[in-house]
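Laboratory data are not the source of any read-out in this text; all were calculated from the coordinates shown. Keep in mind it's a predicted model, so treat the numbers as computed, not measured. Counting neighbours? That spans all protein chains shown, and the Cβs are built from the backbone with ideal geometry, glycine included.
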Amino acid sequence: MVSIKVRVENKDNRLGGRNTGISVGSHSFKTPHRTATNKDYHAASSLPHTVTIENPISEYISDFNNQSLQAFLTSNGSFRRRRSNSLNQSIDMMRYSPIMSTIQFPKDNRVHKDDLMLFDLFQNNPQFSIISIPPFKYGGITEFEQAIGKYSEKALSRGQEAMPVLSMSGDLDIFKREFEVLTNLRDSDLCKVIGFSYANPFSYPQQMMEIYRHRDEGIWYHCFGIPRTPRGRGATPVAHIHELQNWGLDTFSPRVTNLGTKQIRYLIMKSQSTKPEDLECRRFDSPTLGILKEPDWRTRYGHDLHCKCLICKGKDLQSFKEEYSHELNGNFNPNLLRYADKVHELGSGSEEFGISKEAIKSDDLPTYFQSKEFTKDRIMPPSSPVKVSKTFLDF
Ligand SMILES: [Zn+2]
């Protein structure tokens, strides 16, 4: 039996962020934090040496595009079976920590209320502690409340908790109304976690403000589908996932995209023609929050990896690349380096959340963001809820 408990530790915090203690059954962790996704597990398991991910919370993300959503909802049983098979394989690797199942939808898409049943069936796996309720169409707000309650009760009866998903990029009034319903359902234990499907905070500031306004609620706020955003003169991709904690969100996961057959074929072809001397890293850089190309990395740090994560520890750039571009039998495999970059990003990024956690604890998240090259002067953490709505909305 899984039961979620959420304790907000700093309700009087004035400068953004919040620390919560979350327990899922017998597991517990502190926030802000990032989840380890099925893609992270896949990357770790693909490396030549055994790398064990020890993240306190895992997330299986089912990414749907319009076409695959249609295939899932219509009578295409083989498609649903294929999905279930790949899900079971991933779960096997992830089962040592509580797993949340997240349904990622095309922007602002909603399914018919009756289709929720299919998602309930799909997620009816005892290894999942938390299952999603994807956005759905409904008549009045009471219908919304009843449907969420029913889905949630069913999940609870199986020992799972339900996570309703709210889209941040939809209509503001609808967002507010749905959010209000979910906070009310908290009182009857039917909603302890909300999944927010990512939208750019600069395009949807009021949705972010709404989350900020609700940050003393004992509800876990999870944000998923977070992309990297280009920043600065060289359009360096930035780990945007670290910026959203400002609004009182608790856990985060990067955007996961399932590649189409064409893209996979292209990547395989590209990797076959890659020579060892042309292979380059792309590293998450915790001091700046950027994802640096190898030449940029060398300019800044030379061969130093300045990282003690599971796979970087004791290595320099050269030995890292050497180890993670060859299979155990010595065969060159350029794809391994992508996986290694990914596992480093998870390890280093999780550690980074540990640092910002302390900054939130001392109510000084602004200084934290100022110290990072790519978030400097960009994030304007609120000094008080009232003042925030003014400064931020004028932006
Ligand atoms: Zn590392």
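Per DSSP helix of 4 or more residues, -39500 (n - 2.57); summed, then divided by the residues of the chain. What does that give at 222 nm, rounded to the nearest 500?
Here the helix-only value at 222 nm equals -12000 deg cm²/dmol.
In the structure shown, do any of K30/K176; K113/K192; K137/K262 have a Cα-Cα gap over 30 Å, and if so which?
Cα-Cα > 30 Å for K137/K262; rest within.
Take every Cα pair under 8 Å in the stretch 56-101 that's 6+ residues apart, average their separations, divide by the length, and report that relative contact order as a whole percent.
74
Mind putting a number on the dipole of the stretch 77-126 about its Cα centre? Charges go on the C-beta only, +1 for Lys and Arg and -1 for Asp and Glu, and I need it in Debye to the nearest 20.
The dipole magnitude comes to about 160 debye.
Tell me, D12, D171, D296, D250 in order of fewest to most beta-carbon neighbours within 10 Å?
The order, fewest Cβ neighbours first, is D12, D171, D296, D250.
By counting other Cβ atoms within 10 Å of each Cβ, how are H49, H242, H344, H27 ranked from fewest to most?
Fewest to most other Cβ atoms nearby, the residues stand as H49, H27, H344, H242.
Roughly how big is the chain's charge dipole about its Cα centre, with Cβ charges of +1 (Lys, Arg) and -1 (Asp, Glu), in debye to the nearest 20?
With Lys and Arg at +1 and Asp and Glu at -1, about 500 debye.
What is the chain's relative contact order, in percent, from Cα pairs under 8 angstrom and six or more apart in sequence?
In percent, rounded to a whole number, it is 20.
Leaving out same-chain residues fewer than 8 places away, which aspartates and glutamates sit with a Cα under 16 Å from that of K107?
D63, D171
Roughly what % of DSSP beta bridges within the chain run antiparallel, to the nearest 5?
40
Using only Cα atoms, locate the centre of the stretch 131-162 and the centre of the stretch 26-46, then give the distance between them in Å, rounded to an integer.
26
Just to be sure I understand: with springs between alpha-carbon atoms less than 10 Å apart, which residue in S45, S86, S348 has the highest mean-square fluctuation in the Gaussian network model of the chain?
S86
Filter K11/K150; K39/K372; K308/K357; K270/K308; K315/K372 down to the pairs with a C-alpha to C-alpha distance above 21 Å, please.
K11/K150; K39/K372; K270/K308; K315/K372
So what's the gap between the Cα centers of the stretch 197-249 and the stretch 265-338, to the nearest angstrom?
28
Can you put M269, M93, M100 in order of Cβ neighbours within 10 angstrom, beginning with the fewest?
Taking fewest neighbouring Cβ atoms as first place, the list is M269, M93, M100.
Can you return the aspartates and glutamates within cross-link range of K321? Criterion is Cα-Cα under 13 Å, with same-chain partners fewer than 8 residues away left out.
E277, D278, E280, E294, D304, D341
With springs only between Cα atoms under 10 Å, which of I219, I311, I268 fluctuates most in a Gaussian network model of the chain?
I268
Highest GNM mean-square fluctuation, the chain, Cα pairs closer than 10 Å: which of Q67, Q370, Q245?
Highest fluctuation of the listed residues: Q67.
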